[in-house]
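Have a look at the structure below before the remarks.
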Amino acid sequence: MINIPLLDLKAQYESIKTEIDEAVLGVIRSGRFIFGPEGEALEREIAAFCGAANAVGLASGTDALLLTLRALGVGAGDEVITTPFTFFATAETIAALGATPVFADIDPATLNMDLAELERRCTPRTKAIVAVHIFGQMPDMEQLGAIAAARGIPVLEDAAQAIGATWAGKRAGAWGRAGAFSFFPTKNLGAYGDGGMVVTDDADLAAELRVLRFHGGRVKYYHDKIGYNSRLDEIQAAVLRVKLRRLPEWNEARRRAAAFYSEAFADLAAAGKLTLPGVNPGGEPVYHLYTLRTPERDRLAAGLRARGVASAVYYPLPLHRQKAFAHLGYRDGDLPRAEQACRETLAIPCYPELTPALLDYIAAAARASLEN
Ligand SMILES: Cc1ncc(COP(=O)(O)O)c(C=O)c1O
């Protein structure tokens, strides 16, 4: 029986095994596990890859958001505007600092924050905007940047799912005051554990992040403020350096897989049976996930499962309807486009190691699931 996972990290490892084994053993042999040459090299390489002046390694994508918001001065009484259609960490970090997440509904085609909705929600209390590049696609960053700049509001890109994506030829992370990345194992650039990074052209912001990640100090045992313990360890950095060399080729393979699906499903889309991921023409996505939409999602998922193809719902519940945010007072129907997306989206396998034969099989399985 065929069994196609949503992502195949074992196949990926097999394709880079020699380099990975060497890199990991090299760190173990060196005896240097925290704040060392691998982490420093990775910071330089990611900064160069994104086209940013600085990069700061951290323990996770969540910390990348949290520490950057804190460095931007976000705190009690502030509002931070973001999307309700994202992973919880995007808004959790805003709330963890005592600020209020303000949710702007999404554009139903790209599933990113609708920029007219964003503009409507800007107030004098808006301290920052967190722009999430959902599933690896960026919104119109020129327009978003103009809305923010007109009001003097900094933009933090939540680029956790979008390393390598571009808007107008410039990479994710390089558009905002800062860009936050996650190296969670399933991300396009994934570690063998947790990891994160912030890129920024703002040298003062980078310096502040270095202080915050090191218990609020610059010098060991001297602490200027209350900080965090947030470090990207040397083993993860060494793994990520090997994988970063493959990232452009992997992202390209994801784009090819996405293009294949969009062609394979074009007739179903024309017949109104499926909605394909909408592509914003000014950008180049990296398809962290390839997400179909249909009111018959459960039937599609069950049909795929019966044919040995994994799929997953991202996300079942929008953030404004999460129990943790009940105190914010949103009700069903307040952000209808995000709510509908949560009822209809289904991610199907879209990763570099998928062969043309497997892609064919998955497309046929999806078609059969909707037809029977
Ligand atoms: C959009 C988004 N933001 C933030 C995060 C948090 O990253 P991490 O799991 O590395 O803390 C993730 C992924 O998990 C994510 O997908």
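The values are calculated or read from the model by the stated rules, or taken from the named source; none is laboratory data. These numbers come from a predicted model, not from an experiment. Cβ coordinates were reconstructed from backbone atoms using ideal geometry, including for glycine residues, and neighbour counts include every protein chain displayed.
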Would the range 100-107 turn up any residue that is surrounded by fewer than 18 Cβ atoms within 10 Å (Cβ to Cβ) and touching a helix residue (DSSP H, G or I) at 6+ places or on another chain (Cβ under 6 Å)?
-> no
Residue tally, condition surrounded by fewer than 16 Cβ atoms within 10 Å (Cβ to Cβ) and not in a helix (DSSP H, G or I), over the range 313-330 | 3
Of the residues in the range 72-94, those that are away from the ligand (no atom under 12 Å from the Cβ) and surrounded by fewer than 17 Cβ atoms within 10 Å (Cβ to Cβ) come to GLY73, GLY75, ALA76, GLY77
Just one listed residue, out of GLY193, GLY176, is in the same structural domain as ILE94 (by TED's automatic domain parsing) and at positive phi, and it is GLY193
Under 7 Å between Cβ atoms, at least 6 apart or on separate chains: pull out the pairs that start in the range 293-306 with a residue that is in a loop (DSSP other than H, G, I, E, B) and end on any residue that is at pLDDT below 95.
-> THR294/LYS273; GLU296/LEU370
Filter the range 71-107 down to residues that are outside any loop (DSSP other than H, G, I, E, B) and among the small types (Gly, Ala, Ser) and give me whichever is nearest to GLY216 (Cα to Cα).
-> ALA71
Sort out which residues of the range 43-63 are part of a helix (DSSP H, G or I) and more than 15 Å from the ligand (Cβ to nearest atom), and write them in order of number.
-> GLU43, ARG44, GLU45, ALA47, ALA48, PHE49, CYS50
What pairs can you find where one residue is in the range 25-50 and of a type in the set (Val, Ile, Thr), the other is in a helix (DSSP H, G or I), and their Cβ atoms are less than 8 Å apart, with a gap of 6+ or different chains?
-> VAL27/GLU38; VAL27/GLU234; VAL27/ILE235; VAL27/ALA238; ILE28/ILE235; ILE34/GLU234; ILE46/LEU244
For GLU119, which of the numbered conditions (1) in a helix (DSSP H, G or I); (2) surrounded by fewer than 24 Cβ atoms within 10 Å (Cβ to Cβ); (3) within 12 Å of the ligand (Cβ to nearest atom) fails to hold?
-> (3)
When you scan the range 183-203, how many residues do you find that are in a strand (DSSP E or B) and within 11 Å of the ligand (Cβ to nearest atom)?
-> 2
What number of residues in the range 355-369 are touching a Phe, Trp or Tyr at 6+ places or on another chain (Cβ under 9 Å) and assigned to a loop (DSSP other than H, G, I, E, B)?
-> 0
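Yes or no, residue by residue, for (1) over 25 Å from the mean Cα position of the chain (by Cα); (2) of a type in the set (Lys, Arg):
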| position | (1), (2) |
| --- | --- |
| GLY31 | yes, no |
| GLY36 | yes, no |
| VAL56 | no, no |
| THR62 | no, no |
| LEU66 | no, no |
| ARG70 | no, yes |
| GLY75 | no, no |
Test ALA264 against the criterion of being touching a Leu at 6+ places or on another chain (Cβ under 6 Å), farther than 24 Å from PRO84 by Cβ and surrounded by fewer than 22 Cβ atoms within 10 Å (Cβ to Cβ), and give yes or no.
-> no
Among the residues of the range 135-182, the number that are crowded, with 21+ Cβ neighbours inside 10 Å and in a helix (DSSP H, G or I) is 5
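Is it the case that the range 22-34 has a residue that's in the same structural domain as LYS220 (by TED's automatic domain parsing) and within 16 Å of ILE163 (Cβ to Cβ)?
No; the residues of the range 22-34 include none that is in the same structural domain as LYS220 (by TED's automatic domain parsing) and within 16 Å of ILE163 (Cβ to Cβ).
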In the range 218-267, the residues that are closer than 19 Å to LEU358 by Cα, assigned to a helix (DSSP H, G or I) and of a type in the set (A, V, I, L, M, F, W, C) = TRP250, ALA253, ALA257, ALA258, ALA259, PHE260, ALA264, ALA266
